[in-house]
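Read the structure below first, then the notes.
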Amino acid sequence: MEQGNLKNIVGIKFRKDGKIYNFDAADLQLAKNDPVIVNTENGVSWGTVITPVMPVPINKLPVGLKSVVRKVTEEDFWIKKENETLEQESRQFCLEKIKERNLPMKLIDVECLFDKSQTVFYFTAESRVDFRELVKDLVQQFKMRIELRHIGSRHEAKMIKGLGICGREVCCANSIPNLDRVSVKMAKEQSVSLNPEKISGLCGRLMCCLAFEFEGYQDMKKHMPKCGKIINAAEGRGKIIRQNILKGEVVVELESGKEITVNIKDL
């Protein structure tokens, strides 16, 4: 319940692989995984509650905060089913027109807004594509606003999903809600091989898990002696040449040339 200068805020997703957006829940009793109808800049949309309702001070609310209209009704479920059928038809028609016009683009997904005011076609392409005639085809066929949205390889992998080299579903499709910037520095900090085949995901870019685990590695490294430091170990004096952050161990090269492994708790 809203009290004084607080508003009830809830986190909502529109797509399983999409970002989490905050909405004003007002006095609605909402729980995680509840399907809801919300107001957005593009009109009324269907979303799913991801985070519990939290009271937030009005002065800390995001700009342009929209509201949750209601929990979904039986009629809303029928509308959603109609939209899914329309998305399938739109996808098939668009694929046919892309082939017919020999356009150098790959259709990834189709999304029809809940109120059928607009349909978004997500695609990838290696270069700029003149799709003006394709848009005309789609508008003439479906009689609604059409948007063709060019997405990158990371976004494509997130939407298509698949198994990474670890044998699990790609992180961007489940454990990482929002795509972060990933850099080679993150791989170096985690002592990962810089072989592109080992640190690249299905999208061909650096794996998202490097960013997901980066802060954890940085925190653990704060408590470890740096490479190059001279220490006195039980077997003698030597220099740290490698770190094993996860095990909390360092490899020390003694003055005799012998290498030993030492747990940092023993230093």
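The values are calculated or read from the model by the stated rules, or taken from the named source; none is laboratory data. Note that the coordinates shown come from a computational prediction; the quantities given were computed from them, not determined experimentally. Note: ideal-geometry Cβ built from the backbone for every residue, glycine included; neighbour counts use all protein chains shown.
Quick rundown of the values:
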{"item": "Total residues in region 83-107, condition crowded, with 17+ Cβ neighbours inside 10 Å and in a strand (DSSP E or B)", "result": "1"}
{"item": "Matching option when the condition is closer than 25 Å to residue 159 by Cα and either modelled with pLDDT under 80 or more than 22 Å from the chain's Cα centre (by Cα) (or both), among 183, 191", "result": "183"}
{"item": "Residues satisfying the stated conditions in region 223-256, i.e. assigned to a loop (DSSP other than H, G, I, E, B), out of contact with any helix residue (DSSP H, G or I) (no Cβ under 8 Å at 6 or more places or on another chain), over 16 Å from residue 192 (Cβ atoms) and at pLDDT 80 or above", "result": "226, 228, 229, 235, 256"}
{"item": "Test: residue in region 211-223 that is surrounded by 13 or more Cβ atoms within 10 Å (Cβ to Cβ), more than 24 Å from the chain's Cα centre (by Cα) and over 30 Å from residue 129 (Cα atoms)", "result": "yes"}
{"item": "Residues that are surrounded by 14 or more Cβ atoms within 10 Å (Cβ to Cβ) and of a type in the set (A, V, I, L, M), drawn from region 30-48", "result": "30, 36, 37, 38, 44"}
{"item": "Tally of residues being part of a strand (DSSP E or B) and either basic (Lys, Arg) or more than 40 Å from the chain's Cα centre (by Cα) (or both) across region 257-267", "result": "2"}
